[in-house]
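The values are calculated or read from the model by the stated rules, or taken from the named source; none is laboratory data. As the structure is a prediction and not an experimental result, all values here were calculated from the model. Neighbour counts run over all protein chains shown; Cβ positions are idealised from the backbone, glycine included.
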Amino acid sequence: MSARWLTIGLVGVVMLGGCLRRERQVVVYVSTDEAIALPILRRFESETGIRVLMVGDTEARKTTGLLDRLRAERGHGVADVLWSSEAIGTEALLDEGLLAPHVSPVTTAWPEAWRSPNHEWHAFSPRPRVLVFDPRRIDRDDLPDSWFDLPDPRWAGEVVFADPRFGTTGGHLAAMRWLAGPESYANWVADMRAGGVRMLPGGNAAVVDAVRRGEALLGATDADDVRAANRTGAKLAMVIPGHAPVAGGGPMVMPNTVAILQGAPHPSEAAALTDWLLSDHTARMLASSVSGNIPLQESVASEFPDLLIASPLLLDIDAVESNAQDAVAAAATAWGGAPLGGR
């Protein structure tokens, strides 16, 4: 069947749902960039004959807007599946009772760290958190090896983060608080403020743009945002810092997650889409895309050796999520008043 596409709001979902009951369909809320998600969902449509209705979100509100919508729709039975570009918000929905269990045959052999204990969400195709820089302005050998090295005076006033209330930045900071402990994390936040860190309105793409324009030397972002900028003519580079001196603090990778919503109107179609997103097909498409996500399946990962990361930090998603509110509040309060100035 030919692919037909709508990026729609709540009213449109409800109206279309009433008109298309005879046709197999699934409603998926997606925080992954539309250009990445659509080819995968088109292929699912083509292979299964199941019509996909996709609801996306803006870059500035990435993930958070969809989570708020799902909370508002509790009990209304609008969405079937959440495909999130991060895991912390998905864990929060689990804690709030909004996710339904689904034992996927695809992930039964995967490490337990990549799914919730009762199979309400499944992780797939992570991407690393990176420092983006312009190699014409900084030598790679001079860059910090650890996120905890960023308060070094040489980077004073030259580091930018996205607003941690949205997207993957909040999860990254929550992971740092989980790793280092509340006191050490608070000290790091204070040291970053003293060093003139700047928190930008907008998402990770705004961080990349600031480095591209020369308004900062270093930016904390996701690898896919750097690759996307370079596709449009930027000449940026990135490094993947670890979390030393914390024990076991290797590079952080943030997985995508997929979950079926409680009361999903189309449960069998939701299960089919969930298994598709966890499949080798999707892993291969995400790895081949501009996003460059890391396949979790060993057989697929061997096809993309340039994407592999040695000894990545495996997150305890539940523990990280329990740190998220305090981690985000501390950083947003400490860094929120720092303006972005041109250089």
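Give all pairs with beta carbons closer than 8 Å in which a residue from region 130-155 that is closer than 20 Å to G250 by Cβ meets a residue that is surrounded by 19 or more Cβ atoms within 10 Å (Cβ to Cβ) and acidic (D, E); count only pairs at least 6 apart in sequence or on separate chains.
Listed pairs, sorted by first residue: V130/D222; V132/D225.
Those residues that are free of Cβ contacts under 8 Å to residues at least 24 places away in the same chain and closer than 29 Å to K235 by Cα, I need them from region 173-211; list them, please.
D209
Answer with yes or no whether L273 is over 17 Å from the mean Cα position of the chain (by Cα) and under 28 Å from L82 (Cβ atoms).
Values: over 17 Å from the mean Cα position of the chain (by Cα): yes; under 28 Å from L82 (Cβ atoms): yes.
Yes: the conditions hold for L273.
So that you can scan it fast, the table gives a plain yes or no per residue for (1) farther than 27 Å from D306 by Cβ; (2) touching a strand residue (DSSP E or B) at 6+ places or on another chain (Cβ under 6 Å); (3) charged (D, E, K, R):
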{"position": "A190", "(1), (2), (3)": "yes, no, no"}
{"position": "N204", "(1), (2), (3)": "no, yes, no"}
{"position": "D209", "(1), (2), (3)": "no, no, yes"}
{"position": "A223", "(1), (2), (3)": "no, yes, no"}
{"position": "A229", "(1), (2), (3)": "no, no, no"}
{"position": "V239", "(1), (2), (3)": "no, yes, no"}
{"position": "T257", "(1), (2), (3)": "no, yes, no"}
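Examine region 267-277 for a residue that is at pLDDT 95 or above and assigned to a loop (DSSP other than H, G, I, E, B), and state whether such a residue exists.
Going through region 267-277, the residues at pLDDT 95 or above turn out to be 267-277.
Cutting the leftovers down to assigned to a loop (DSSP other than H, G, I, E, B) gives us none.
Within region 267-277 (the criterion being at pLDDT 95 or above and assigned to a loop (DSSP other than H, G, I, E, B)), the answer is no, since none of the residues qualifies.
Pairs under 9 Å by beta carbon, first residue in contact (Cβ under 8 Å) with a residue 40 or more places away in the chain and farther than 16 Å from H266 by Cβ in region 69-81, partner surrounded by 18 or more Cβ atoms within 10 Å (Cβ to Cβ) and charged (D, E, K, R), six or more apart or different chains?
R69/D57
Helices (runs of 4 or more DSSP H) wholly in region 142-247 with at least 3 residues that are crowded, with 18+ Cβ neighbours inside 10 Å, β-branched (V, I, T) and outside the structural domain of I294 (by TED's automatic domain parsing) - which ones? Break it down stepwise before answering.
On the way: elements: 168-180, 182-194, 204-212, 223-231.
The helices (runs of 4 or more DSSP H) meeting that bar are 204-212.
Being within 30 Å of A72 (Cβ to Cβ) and either of a type outside the set (S, T, N, Q) or without any contact (Cβ under 8 Å) to a residue 40 or more places away in the chain (or both) is the filter here; which residues of region 229-268 pass it?
The first filter runs over region 229-268 and keeps only residues within 30 Å of A72 (Cβ to Cβ), leaving 254-268.
Passing the criteria: M254, P255, V258, A259, I260, L261, G263, A264, P265, H266, P267, S268.
Return the total of residues in region 101-141 being loosely packed, with under 11 Cβ neighbours inside 10 Å and in contact with an Asp or Glu (Cβ under 8 Å, 6 or more places away or on another chain).
Residues that pass the stated criteria total 1.
What number of residues within region 284-309 are touching a residue at least 40 places away in the same chain (Cβ under 8 Å) and on the phi < 0 side of the Ramachandran plot?
Looking only at region 284-309, we keep the residues that are touching a residue at least 40 places away in the same chain (Cβ under 8 Å), and these are 285-287, 289-296, 309.
Next, from what is left, pick out any that are on the phi < 0 side of the Ramachandran plot: 285-287, 289-291, 293-296, 309.
Final tally of qualifying residues: 11.
Condition check: modelled with pLDDT under 95, closer than 30 Å to F44 by Cβ and either loosely packed, with under 15 Cβ neighbours inside 10 Å or not charged (D, E, K, R) (or both). Does L296 satisfy that?
Working: modelled with pLDDT under 95: yes; closer than 30 Å to F44 by Cβ: yes; either loosely packed, with under 15 Cβ neighbours inside 10 Å or not charged (D, E, K, R) (or both): yes.
For L296, the condition - modelled with pLDDT under 95, closer than 30 Å to F44 by Cβ and either loosely packed, with under 15 Cβ neighbours inside 10 Å or not charged (D, E, K, R) (or both) - is met.
Specify which of the listed residues (E73, E96) is within 24 Å of I50 (Cα to Cα) and either at pLDDT 95 or above or not hydroxyl-bearing (S, T, Y) (or both).
On the way: E96 fails: within 24 Å of I50 (Cα to Cα).
None of the others qualify; the one that does is E73.
Can you tell me which residue among F148, F161, F166 is at pLDDT 95 or above and of a type outside the set (D, E, K, R)? If you could, list the steps in order and put the result at the bottom.
Working: F148 fails: at pLDDT 95 or above; F166 fails: at pLDDT 95 or above.
None of the other options fit; the residue is F161.
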